[in-house]
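Peer 1: Quick one: this structure, given as structure tokens, is what I'll be asking you about.
Just so it is clear, none of the values below were taken in a lab; they were calculated from the coordinates. Bear in mind the structure is a predicted one, so any value in this text is a computation, not a measurement. All Cβ positions, glycine included, derive from the backbone under ideal geometry; neighbour counts span all protein chains shown.
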Amino acid sequence: QVQLVESGGGLVQAGDSLRLSCAASGRTFSRFGSYAMGWFRQAPGKEREFVATIKWSGGMTYYADSVKGRFTISRDNAKNTVYLQMNSLKPEDTAVYYCAAVINYNNYLQDPTSYDYWGQGTQVTVSS
């Protein structure tokens with residue numbers, strides 16, 4: 001069993017920064033060349049939307065247009081941890097942020113159904 005635990009959310013003002021972390025426990029995934037982790041977010045009453053993803057092999061990243069240039073996803077393979085550095089936060093970034101992992105991806109990584117494991121979420125609230 002794999003568990004993903006997010007942390008780092010909070011209440012901030014517009015323009016501030018936050019760094020989210022997602023630690024994986026139970027297994028390591030570096031041996032899987034097709035392993036990837038991603039971040040999604042969901043505001044109340046709205047669909048879960050893609051934020052960013054990173055491929056473990058090579059570290060290639062992809063971002064939603066809404067966060068490109070402001071957010072940075074990274075990973076620490078030794079710690080089995082993925083990070084989301086969020087700068088220049090806007091009120092529209094307010095949501096519960098979830099990390100997700102897929103061991104052997106084949107599908108479009110912007111699709112939440114491509115992922116096998118999910119964290120419990122961490123709340124990010126940005127006031128104006």
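Peer 1: Taking +1 at the Cβ of each Lys and Arg and -1 at the Cβ of each Asp and Glu, which of 109, 64, 44 sits farthest along the dipole of the chain towards its positive end, judged by Cα position relative to the Cα centre?
Peer 2: The Cα lying farthest towards the positive end belongs to 109.
Peer 1: Dipole of the chain, Cα-centred, from +1 at each Lys and Arg C-beta and -1 at each Asp and Glu C-beta, to the nearest 20 debye?
Peer 2: That gives the chain a dipole magnitude of about 300 debye.
Peer 1: Roughly what would the spin-label model give for residue 5 and residue 120, points 7 Å off Cα along C-beta, in nm?
Peer 2: The answer from the label model is 0.9 nm.
Peer 1: Check each of the GluC sites (Glu not before Pro) in region 1-97 and keep only those in coil by DSSP with at most 14 other C-beta atoms within 10 angstrom; list them in order.
Peer 2: Here the sparse-neighbourhood loop sites are 47.
Peer 1: Among the aspartates and glutamates, which fall within straight-line cross-link reach of residue 79, defined as a Cα-Cα distance under 19 Å, with same-chain neighbours fewer than 8 residues apart omitted?
Peer 2: The reachable aspartates and glutamates, counting only those whose Cα sits under 19 Å from residue 79, are 6.
Peer 1: Continuing with the same structure: Of 101, 78, 14, which has the largest mean-square fluctuation in a 10 Å C-alpha GNM of the chain?
Peer 2: Of the options given, 78 has the highest mean-square fluctuation.
Peer 1: Output the Kirkwood hydrodynamic radius of the chain, Cα pairs only, in Å rounded to one decimal.
Peer 2: Averaging 1/r across every pair of different Cα atoms and inverting gives 14.5 Å.
Peer 1: Additional query: Can you give me the distance in nm between label points at residue 19 and residue 48, each placed 7 Å from the Cα along the Cα-to-Cβ direction?
Peer 2: Placing both labels 7 Å beyond Cα along the Cβ direction yields 2.6 nm.
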